[in-house]
Amino acid sequence: MKIDKNSVVQFHYILTDADSNEQIETSRDGDPVLYLHGHRNIVSGLEEAMLGREKGDVFSVTVPPEKAYGLRQENRQQRVPVKHLLLAKKTQPKAGMTVHVQTDQGPMPATVVKAGKFTVDLDLNHPFAGKNLQFDVEIIAMREAEADEVAHGHAHGIGGHQH
Ligand code: ZN
């Protein structure tokens, strides 16, 4: 059985910045990710590399920004009141920190460029924008999707959508 449209796939990954070789994040300290193939639940470059794989496969793929979080845009800096940030209690925003800001479309990740007492200058590019991303993947399990998963456009279960 090979991964194809409407396969439900469970996988572990390690995500590395392919240019600096720094590890960004990994699923290995928790549950594997569960996703529904063919519904844009994961970045397109990784989804393309998943096609035709099988349970037990281990592989690496380097995904350019165009097929991940997009290119950095220079005009995406904005000054916002500190109170619009979703910060843990007693956290002071600092330059370089990744924060979430409340927007009309819900919380969005952003990077603090400059922090003042009442306002912060944010870079609203996704923190991974402009990066070449290396995914080291292991396919843990796969199955056919249930009808309600196809209807919802996402996988149900641990590591996927739970509702
Ligand atoms: Zn659902």
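The values are calculated or read from the model by the stated rules, or taken from the named source; none is laboratory data. Model, not experiment: these values are computed from the prediction. FYI the Cβ positions are ideal-geometry reconstructions off the backbone, even for glycines, and counts take in every protein chain you see.
One table, with the values for the structure above:
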read-out: Residue list for the stretch 123-149, filter: touching a helix residue (DSSP H, G or I) at 6+ places or on another chain (Cβ under 9 Å) and either in a strand (DSSP E or B) or of a type in the set (Ser, Thr, Tyr) (or both); value: LEU133, PHE135, VAL137, ILE139
read-out: Conditions (1) farther than 23 Å from GLY52 by Cβ; (2) within 16 Å of the ligand (Cβ to nearest atom): number failed by GLY130; value: (2)
read-out: Every residue from the stretch 83-115 that is assigned to a strand (DSSP E or B) and either farther than 16 Å from HIS126 by Cα or of a type in the set (A, V, I, L, M) (or both); value: LEU85, LEU86, VAL99, VAL101, MET108, ALA110, VAL112, VAL113, LYS114, ALA115
read-out: Any hit, the stretch 127-149, residues being under 23 Å from ALA68 (Cα atoms), modelled with pLDDT under 95 and among the aliphatic types (A, V, I, L, M); value: yes
read-out: Test: GLU138 is more than 29 Å from GLN102 (Cα to Cα), touching a residue at least 60 places away in the same chain (Cβ under 8 Å), in contact with a strand residue (DSSP E or B) (Cβ under 7 Å, 6 or more places away or on another chain) and within 10 Å of the ligand (Cβ to nearest atom); value: no
